[in-house]
1. Say whether the condition of being at positive phi and over 16 Å from the mean Cα position of the chain (by Cα) is met by at least one residue in the stretch 45-64.
2. So in the stretch 129-159, with the set limited to residues that are part of a strand (DSSP E or B) and free of Cβ contacts under 8 Å to residues at least 60 places away in the same chain, which one is nearest to GLY103 (Cα to Cα)?
3. Could you tell me which residue of the stretch 30-50 is most open to solvent (accessible area, probe 1.4 Å), considering only residues that are among the charged types (D, E, K, R) and more than 15 Å from LEU155 (Cβ to Cβ)?
4. Taking ARG27 and the conditions (1) free of Cβ contacts under 8 Å to residues at least 60 places away in the same chain; (2) surrounded by 17 or more Cβ atoms within 10 Å (Cβ to Cβ), which numbered condition does it fall short on, given that it satisfies the others?
5. If I ask for residues that are open to solvent by less than 40 Å² (accessible area, probe 1.4 Å) and closer than 18 Å to VAL28 by Cα, which ones from the stretch 65-81 would you list?
6. Hey, could you check the stretch 112-159 for residues that are touching an Asp or Glu at 6+ places or on another chain (Cβ under 7 Å) and among the small types (Gly, Ala, Ser) and say which is modelled with the lowest pLDDT?
7. So is ASN109 surrounded by 18 or more Cβ atoms within 10 Å (Cβ to Cβ) and modelled with pLDDT under 95 or not?
Amino acid sequence: FMQAYARLARLPQPVLAPCDLRPLVQRVIALEKRLAVEVLAGPDLTLPCDAAQIEQVLINLVKNAVEATLEQRANGRPDAAVRLSWRKFSAAVEILVEDDGPGIAHATNLFVPFFTTKAEGSGIGLVLCRQIAENHGGALSLSNRENTSGCLATLRLPA
């Protein structure tokens, strides 16, 4: 508990530098060995961000999505998948992580520090991700997908 709290409390401010999004996404999905993550590539973009921090956010979001999707596969849905995509708006970029898992059961507690529904969870992953997004002038949201099971995580960053 104390280590998790200390990590959350000592998050450094981002050091912004130009970062090409496509290679960053490729590094993140290459780390996931349990399930192939489908990349629905968006436009070539260079973002002003702290690449290591944004990479950490995406690693956590993909990890959560894969765990939820593997749960669905174990429950008889072998086609359940994870997709990562991005799109650009005039002043922002959205990076989307979408899964075919069971969806969010406790949406009100998503960003409550140390709340977790996982047996091995610490409850700081999403809190840390949201703090990183906000420190970049962005936002992180998670919602259940409409008309189907699963979750959609949206990381919005200034372009």
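The values are calculated or read from the model by the stated rules, or taken from the named source; none is laboratory data. The shown structure was predicted, so the numbers you read here are calculated from the model rather than taken from an experiment. Cβ atoms come from the backbone with ideal geometry, glycine included; neighbour counts cover every protein chain shown. We work out accessible area using only protein heavy atoms, side chains counted, and drop any ligands, DNA or RNA first. Shrake-Rupley method; radii C 1.70, N 1.55, O 1.52, S 1.80 Å.
1. no
2. Here the answer is ASN144.
3. LYS33
4. Every condition holds for ARG27 apart from (2).
5. Within the stretch 65-81, ALA65, VAL66, ALA68, THR69, ALA81 qualify.
6. Here the residue is SER149.
7. Answer is no for this residue.
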